[in-house]
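Engineer: Below you will find the structure I want to go over with you.
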Amino acid sequence: MELVDRELPKILKYYNVDNLGLIFDGYEPVNPDKLLYYWHNPKTGELYVALLADFIIEFVGDGEPGDICEDYWPEHTCDWQVDHWLCSDGNASDFNNYDKWFYWPECGDKCAFAKLKDDVSALKGRELEHAVPTISEEEMLSRKIERQKLTGIDFQAHS
């Protein structure tokens, strides 16, 4: 469960922010099932985040954007106030069509993208990873298939 380097520009394009000149600041796991990928606008300092998880419970696509709050690992706690969630078509008033709020990366998880109320200075002192892995499409597909098999086995065990 992680993004690969070739997907970062695809995500920015999907959410129509590829023309802002955003700079990738790094990423961090905030719980076993959720990673946050950070970018900032060098002209304004505005901070953006891509949330990657298999299940997203934040207020994506809601009129009240909420926050991204985690305290699973002490070194990666966060309480980000979301300014607004971005969607693929720019129509942020259509809350019923969730497909436009989520980017579906190769890893099989779900990705949502938000502009945070904080600026880039809020990342100071955070332990971020900077090297996004390079994994071939074939390897990623193999991992996705294996994960689906394990999910099926887990589902059968609980049925």
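The values are calculated or read from the model by the stated rules, or taken from the named source; none is laboratory data. Predicted, not measured: the structure shown is a model, and the values here were computed from it. Methodologically, a virtual Cβ is constructed for each residue, glycine included, from the backbone with ideal geometry; neighbour enumeration extends over all protein chains shown. Protein only, heavy atoms only, side chains kept; ligands, DNA and RNA dropped before computing areas. Shrake-Rupley method; radii C 1.70, N 1.55, O 1.52, S 1.80 Å.
Engineer: Evaluate the following for residue 82: is it within 22 Å of residue 128 (Cα to Cα), of a type in the set (Val, Ile, Thr), open to solvent by less than 40 Å² (accessible area, probe 1.4 Å) and touching a helix residue (DSSP H, G or I) at 6+ places or on another chain (Cβ under 6 Å)?
Structural biologist: no
Engineer: Does residue 35 qualify as being under 23 Å from residue 57 (Cα atoms) and modelled with pLDDT of 95 or more? Reasoning before the result, please.
Structural biologist: On the way: under 23 Å from residue 57 (Cα atoms): yes; modelled with pLDDT of 95 or more: yes.
Spelling it out, residue 35 is indeed under 23 Å from residue 57 (Cα atoms) and modelled with pLDDT of 95 or more.
Engineer: Moving to a separate point now. On the given criteria, is residue 107 part of a loop (DSSP other than H, G, I, E, B), in contact with a helix residue (DSSP H, G or I) (Cβ under 8 Å, 6 or more places away or on another chain) and buried (at least 16 other Cβ atoms within 10 Å of the Cβ)?
Structural biologist: So residue 107 fits the description; yes.
Engineer: Sticking with this one: With the checklist (1) surrounded by 19 or more Cβ atoms within 10 Å (Cβ to Cβ); (2) within 16 Å of residue 123 (Cβ to Cβ) in hand, flag the one item residue 25 doesn't pass.
Structural biologist: (1)
Engineer: Just to be sure, is residue 135 modelled with pLDDT under 90, open to solvent by less than 100 Å² (accessible area, probe 1.4 Å), hydrophobic (A, V, I, L, M, F, W, C) and not in a helix (DSSP H, G or I)?
Structural biologist: Answer is yes for this residue.
Engineer: How many residues are farther than 19 Å from residue 124 by Cβ and in contact with a strand residue (DSSP E or B) (Cβ under 9 Å, 6 or more places away or on another chain) when one looks only at the stretch 30-46?
Structural biologist: Adding up the residues that qualify gives 4.
Residue-by-condition table, conditions (1) surrounded by 14 or more Cβ atoms within 10 Å (Cβ to Cβ); (2) aromatic (Phe, Trp, Tyr); (3) assigned to a strand (DSSP E or B):
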site: 1; (1), (2), (3): yes, no, no
site: 12; (1), (2), (3): yes, no, no
site: 19; (1), (2), (3): no, no, no
site: 29; (1), (2), (3): yes, no, yes
site: 37; (1), (2), (3): yes, yes, yes
site: 42; (1), (2), (3): no, no, no
site: 49; (1), (2), (3): yes, no, yes
site: 56; (1), (2), (3): yes, no, no
site: 75; (1), (2), (3): no, no, no
